[in-house]
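Each value in this text was obtained by applying a stated rule to the coordinates, not by laboratory testing. All of these numbers come straight from a predicted model, not from anything done at the bench. Cβ placement follows ideal geometry from the backbone for every residue including glycine, while neighbour counts extend to all protein chains displayed.
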Amino acid sequence: MENKQVPKKEEKLWSEIKNYQVATNNARILGVLDELIINEKTGKIVDIAIKVESGRNVHVKGAKRNGNLLLVPFAKVEKVGEFIIVTE
């Protein structure tokens, strides 16, 4: 039986991803990652808070606006790489 190497998931530290640019899967820049909203009971990430430049009117289906923050459900995050990509 052949031993297959399972690719190890790359882990990122909060200090590495804070202020990452967040874009949609249609290449629209939304802003920068400001905070992760975590459910205190389960410890799971519920939303990502994206700091949007003042004056910009950006929308993502299912997201809520709170001042200059756009709260996007974590389930919409597709990829974390050079950018954080969310489903539009």
Checklist entry - For Asn26 and Glu53 in one chain, what is 0.36 nm times their gap in residues minus the Cα-Cα distance, to one decimal in nm? => result 7.8 nm
Checklist entry - What ³J(HN,Hα) values, in whole Hz, does the Karplus curve 6.51 cos²θ - 1.76 cosθ + 1.60 give for the stretch 32-45 when θ = phi - 60°, with x put for Gly and Pro? => result 10, 5, 9, 7, 10, 9, 10, 6, 5, 6, 9, x, 8, 6
Item to check | Shape box of the stretch 39-88 [Cα atoms, principal axes, largest first, Å] | outcome: 35, 24, 18
Checklist entry - Applying the Karplus parametrisation 6.51 cos²θ - 1.76 cosθ + 1.60 with θ = phi - 60° to the phi angles of the stretch 54-68, what ³J(HN,Hα) value in whole Hz is obtained for each residue in order, glycine and proline being reported as x? => result 4, x, 8, 10, 10, 10, 9, 4, x, 8, 10, 9, 9, x, 8
Next on the checklist: At 7 Å along Cα-to-Cβ for each site, give me the label-to-label distance between Glu88 and Glu16 in nm.
Outcome noted: 2.9
Item to check | Sparsely packed trypsin sites (Lys or Arg not before Pro) within the stretch 21-88, loop by DSSP, other Cβ within 10 Å at most 10 | outcome: Lys41, Lys44, Lys61
Checklist entry - Counting only residues 5 or more places away or on other chains, whose amide H sits under 5 Å from the amide H of Gly31 once H atoms are built in the peptide plane? => result Val22
